[in-house]
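Notes follow once the structure below has been shown.
The values are calculated or read from the model by the stated rules, or taken from the named source; none is laboratory data. Bear in mind the structure is a predicted one, so any value in this text is a computation, not a measurement. Using ideal geometry, Cβ is built from the backbone for each residue, glycine included, and neighbour counts are taken over all protein chains shown.
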Amino acid sequence: MKIYLDNSATTKVDSEVAKKVQEFFVEKYGNASSLYSIGCEAGKELTKAREKISKFVGCDVSEIVFTSGGTESNNLALRGLAKTNPHKKHIITSAIEHPSILETCKDLEKSGYKVDYVRVSSEGIVDIKEIKEKISENTLVVSIMYVNSEIGTIQPIEKIGAICKKAKVYFHTDAVQGFAKVELDIKNIDLFSVSGHKFHAPKGVGFLYIKKGTNISAIMTGGGQENGLRSGTENVPGIIGLAAALEVNNNESEIKKSRDKIIEELLKIPGAHINGSIDNRVYHNINISFYGIEGESLMLMLDKNGICVSTGSACASTKLKESYVLKAIGVEDLYIHGSLRLTLGDDIIGNEDYVVENIRESVEKLREISPFKFEEIDKEVENEKR
C-alpha cells in the first residue's frame, strides 16, 4: 500500500492532464513561435490555454506571463519591480515566506534595499497593523504568501492588498499553495505567483499574474516571448497541462473531513501539538509536532509502511535545518524537531485509521528510545495549562 500525503511538495499529474500533455509531446510538438502549420497549431493551442487560465483568474489574457514555476515567478515579481523602480528601495515581507522570496530579499539587501520582515502570530498570521505602519514613501512592494507552505495558514491578503492600494504600493502574493484551492479575489493584487505541479499539472510550468499598468521589467533577456517579460521557447505541453488541471476535482469536502478526523485522533497522543491556525487553514494541511522525538525518524518509519509525509517545507527538505516557520510562530525546540507535515489528497479517503494508527505506533516506539520521557512531557503539558 502506498498512501501519498505530501501534496504541498508536489501532486500527481492527473491522468486526463497527462493524456493532454502527451499529445503535445509527440503529435502537436511544434514551436509556438514558428510560422509553418505545426507551429501555428501549437501557437493556437497556447492561446486557448492562456484564455482559459485568464478566465479562471478573472483577468485579461495579457496579464498572464508563463514561467517555469513559483520560484521564477517570485523572482520576476521582486527583481522585475526593483529593476524598473530603482528610486524605491524598501520591501516589506514576512518572516515565514518561501525561500524564493526570503533569499531574493536577502540578495536585494546586498544592493542597498531595506527589507522589513513583519512578525506573525502564534497561529502564523501576519500582523496587518505592522505592515501598515512600515509602509513609507520609499516602499516598493509588499509581498505576503497567500497560504503558507508548511503550516497551511491563510493570510488576509484582501485586507493587505487594500492597505497597499490606498498607499499606492505594489502588492504581490505568492499564491503557489493556495491557487485552485482557496478562492482568490484579485481586485487588490498587483502580482501573484502560481506553480502548476501543486494542483495536478506537470512540474516546470507556472505563471505570474501582472496587473495592467504595473511598472515591471524582464530579468532575463532573449527572444522576447511573453510580451518581452519572459524570453525562451514556450513550454507548450506544460502550459496545456496547467490549463487542463484547472478542471481537476480536488474532492475538497471529503478531504477536509479526513483532515479533521485525523487531527482529532492525533491530538489524543500525549505531547501532540497542532502548528498554525485551525480556522484560517487550507483544507488539506496538517502540521503537527510530537514532543521529544525526531521528525525525520518518524517520517522514515511511516515510509516503511507506505505512508509518504514530510517534516516541513519539501523545497528545503534536503537541508534538514530547524524550521524557520515553526520558529517564527514560537514553537518550542523540542516540538519543532518532532514536527510532521501531512498534505492530503484522494489517497487519504478511507485510509484515515491506517494513517493515525501508524503514526501513533511510530511515536510510541520513538518515545521508548527518547531521552525525554513521558513524565517530562506530562510536566510540560501541566505547565502549559497553568
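Structure values in brief
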item: Gly232 surrounded by fewer than 17 Cβ atoms within 10 Å (Cβ to Cβ) and either touching a helix residue (DSSP H, G or I) at 6+ places or on another chain (Cβ under 6 Å) or farther than 20 Å from Ser8 by Cα (or both); result: yes
item: Residue that is farthest from Asn235 (Cα to Cα) [pool: residues in the stretch 32-70 that are surrounded by 15 or more Cβ atoms within 10 Å (Cβ to Cβ), in contact with a Lys or Arg (Cβ under 7 Å, 6 or more places away or on another chain) and among the β-branched types (Val, Ile, Thr)]; result: Ile64
item: Selection status of Gly276, crowded, with 21+ Cβ neighbours inside 10 Å, assigned to a loop (DSSP other than H, G, I, E, B) and modelled with pLDDT of 95 or more; result: yes
item: Strands (runs of 3 or more DSSP E) completely within the stretch 33-139 that count 3 or more residues being outside the structural domain of Lys198 (by TED's automatic domain parsing); result: none
item: Selection from the stretch 85-107 of residues that are aliphatic (A, V, I, L, M) and over 11 Å from Ser143 (Cβ atoms); result: Ala95, Ile96
item: Filter result for Val176 (buried (at least 19 other Cβ atoms within 10 Å of the Cβ), in contact (Cβ under 8 Å) with a residue 40 or more places away in the chain and of a type in the set (A, V, I, L, M, F, W, C)); result: yes
item: Identity of the residue in the stretch 249-270, assigned to a loop (DSSP other than H, G, I, E, B) and among the hydrophobic types (A, V, I, L, M, F, W, C), that ends up nearest to Ile288 (Cα to Cα); result: Leu267
item: Qualifying positions in the stretch 10-31 - surrounded by fewer than 19 Cβ atoms within 10 Å (Cβ to Cβ) and aliphatic (A, V, I, L, M); result: Ala18, Val26
item: Output for the stretch 232-250, where each listed residue is more than 18 Å from the chain's Cα centre (by Cα) and either small (Gly, Ala, Ser) or farther than 15 Å from Phe179 by Cα (or both); result: Gly232, Thr233, Glu234, Asn235, Val236, Pro237, Gly238, Ile239, Ile240, Gly241, Ala243, Ala244
